[in-house]
Amino acid sequence: DKSDKYDSRDVERLQQDDKWVENYLIWRHDVVDDTLKMIDESFQWRKEYTVNDLSESVLPKWLFEIGALFLHGYDKEGYKLFWFKVKHHTKDPKQQLEKKKLVAFWLEHYAKRDHGKPLTVVFDMAETGISHIDLDFVRFIVNCFTDYYPNFLTKIVIFEMPWIMNAAFKIVKGWLGPDAISMLKFTNKSDVQEYISGEYLPPHMGGTDSFKYSYPPLVDDDFQTPLCENGPVTSEDEHESKEEIDADTKEAGELNEAQNLNQKKMNSIEQISKSEETDKTEVKPKNAKKALTTFKGPLLHISPAEELYFGSKETGEKKCLIVLTNVTKNVVAFKVRTTAPEKYRVKPSNSSCEPGTSLDIIVSLHGGFAASLQDRFLIMAAEMDQSSGAGVPELTQFWKEVPRTKVMEHRLRCHVVESSKPSTLTLKDNAFNIPAKTNEDLHIQLTHLLQINKRLEEQMNRCLWFQQLSVVLSLLSVTVAAFCFYLAYAQRS
């Protein structure tokens, strides 16, 4: 009711962003009153801390330089790691507000960039002592995840907490609800790799990650360039011939055509799937639905919206397709970056898209590599002037000069399908891999269920028979006992 109570941008987003509303509901177990209370408190907090306006320019540079807080790497489930290097933090009431705003800056920076995908928080407490204990700051961090950023926390990994801090963390546990307490993972060098693989752990934690934090610039989510467009040289990947690459391109073009068919055409896809009697694998509808979604950006529409589906080593799927559609009236330049350039070939990785047209990007693994949940792709796009050329030299110069504020960025995660075929936007066998169970499969399963049901019925009948027999025997026993008492009483009389 009060127009000045919240930031109008938050109110507008709440009215338009279903995912945000859903996250609030999930975090409060679908209890509407609790959800409304959380929205009210978090919106007031967001306005108080001017979260929507936090940027590098409004925070002191030294806060970024000390490297106490930053995003880097992924855990074994593919969630981004939010690092708190506790040894770099010292308690100082004068700096407390700025440090809290730094936490809010990083959380908001990531939430906007990766569409609210949850984080794994890592408290690296190596080389820490009493001077680093700041319960007020810890409480603020806890509140950010429990009260202000809904469904944003997967787990809190605490590395080598000194015994002297045990008492302090007993207090912290009191601030956490039962759900959040279950997310606490106390680790040391011997077991931290249960949650984070060695490639994203520094040497002092038993890992092999050579990453060294520095500022500027901000850590750019580990994306690297250049990304090899035409794959490795022949000696590195002899099994991939030029003919196969041409076939990939042709196959991708056919797939893009098929994606633009109307609903009637989708019925034929179903028939194709059913005819694949040799294929006994199942695909979860949820996976297929995700792959069919489209991210609608201001310059490009990108499909799939969130995840690229690769198979595991067992399933062997090594190719995926990204479809870009230019929705502007100008030529849009784009380039693709990845966190693992040694694994992937992307064709094309640096090109342009004409107004109103769609373009296919083939992403493939090479050299015996397997996709990982930690791998990410970044698609960058920017509008070009009509007079600009679209050749390699022109694109190279364009990316050097284009302001970052005019660049659209979208990130894609990797999804590894263990026991089923990847869904629609994965290239293999035919244009649409949406296998369905055959009638024979369903008949076998139905027969199996009927047999189980019959056995259960027989067991129940036996149990009922024994129960009835027990009742009869009990009644007989009671009758005999009563008769004996009667005879004994009659003899005494």
Exercise. Cβ-Cβ below 8 Å, separation at least six or inter-chain, first residue in the range 126-145 and loosely packed, with under 13 Cβ neighbours inside 10 Å, second of a type outside the set (Lys, Arg) and not in a helix (DSSP H, G or I): which pairs?
Worked result: GLY129/PRO162; SER131/THR90
Exercise. Restricting attention to the range 37-57, and to residues there that are among the hydrophobic types (A, V, I, L, M, F, W, C) and free of Cβ contacts under 8 Å to residues at least 40 places away in the same chain, which single residue is least open to solvent (accessible area, probe 1.4 Å)?
Worked result: PHE43
For this session: Working only within the range 192-218, note down all residues that are exposed (fewer than 14 other Cβ atoms within 10 Å of the Cβ), closer than 20 Å to HIS88 by Cβ and at pLDDT 90 or above.
Result: PRO203, HIS204
Exercise. What pairs can you find where one residue is in the range 77-104 and over 27 Å from ARG411 (Cα atoms) and of a type in the set (S, T, N, Q), the other is open to solvent by less than 10 Å² (accessible area, probe 1.4 Å) and part of a loop (DSSP other than H, G, I, E, B), and their Cβ atoms are less than 9 Å apart, with a gap of 6+ or different chains?
Worked result: THR90/ASP134; GLN96/ASP134
For this session: Can you tell me which residue among LYS87, LYS91 is more than 30 Å from ILE26 (Cα to Cα) and at pLDDT 85 or above?
Result: LYS87
Problem set entry | Per-region count, the range 1-36, residues assigned to a loop (DSSP other than H, G, I, E, B), open to solvent by 80 Å² or more (accessible area, probe 1.4 Å) and charged (D, E, K, R) | 4
For this session: Taking the residues in the range 367-389 that are without any contact (Cβ under 8 Å) to a residue 60 or more places away in the chain and more than 26 Å from the chain's Cα centre (by Cα) as candidates, determine which candidate is farthest from CYS320 (Cα to Cα).
Result: SER387
Exercise. What about ASP147, is it among the acidic types (Asp, Glu) and in contact with a strand residue (DSSP E or B) (Cβ under 6 Å, 6 or more places away or on another chain)?
Worked result: no
Exercise. When ASP375 is evaluated against the numbered criteria (1) under 30 Å from ASP75 (Cβ atoms); (2) surrounded by fewer than 17 Cβ atoms within 10 Å (Cβ to Cβ), which criterion, by number, is the only one it fails?
Worked result: (2)
Problem set entry | Leading residue by the ranking (most open to solvent (accessible area, probe 1.4 Å)) among those in the range 397-414 that are assigned to a strand (DSSP E or B) and out of contact with any helix residue (DSSP H, G or I) (no Cβ under 9 Å at 6 or more places or on another chain) | ARG413
Problem set entry | Test set (1) among the aliphatic types (A, V, I, L, M); (2) surrounded by 11 or more Cβ atoms within 10 Å (Cβ to Cβ); (3) at pLDDT 70 or above - ALA436 fails condition number | (3)
For this session: Look through LYS117, LYS101, LYS80 and report the one residue that is open to solvent by 10 Å² or more (accessible area, probe 1.4 Å) and under 30 Å from ASP375 (Cβ atoms).
Result: LYS117
For this session: Return yes or no: is SER358 out of contact with any Asp or Glu (no Cβ under 7 Å at 6 or more places or on another chain), farther than 25 Å from LYS80 by Cα, open to solvent by 30 Å² or more (accessible area, probe 1.4 Å) and assigned by the TED database to the domain that holds HIS410?
Result: yes
Exercise. Looking at this structure, is SER364 free of Cβ contacts under 8 Å to residues at least 60 places away in the same chain and among the small types (Gly, Ala, Ser)?
Worked result: no
Exercise. Looking at the range 342-362, is at least one residue outside any strand (DSSP E or B) and aromatic (Phe, Trp, Tyr)?
Worked result: no
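The values are calculated or read from the model by the stated rules, or taken from the named source; none is laboratory data. Quick caveat: nothing in here was measured; it's all calculated off a predicted structure. Please note: Cβ atoms are built from the backbone with ideal geometry, for glycine as well, and neighbour counts cover all protein chains shown. In case anyone asks, the SASA skips ligands and DNA or RNA and just uses the protein heavy atoms, side chains included. Shrake-Rupley method; radii C 1.70, N 1.55, O 1.52, S 1.80 Å.
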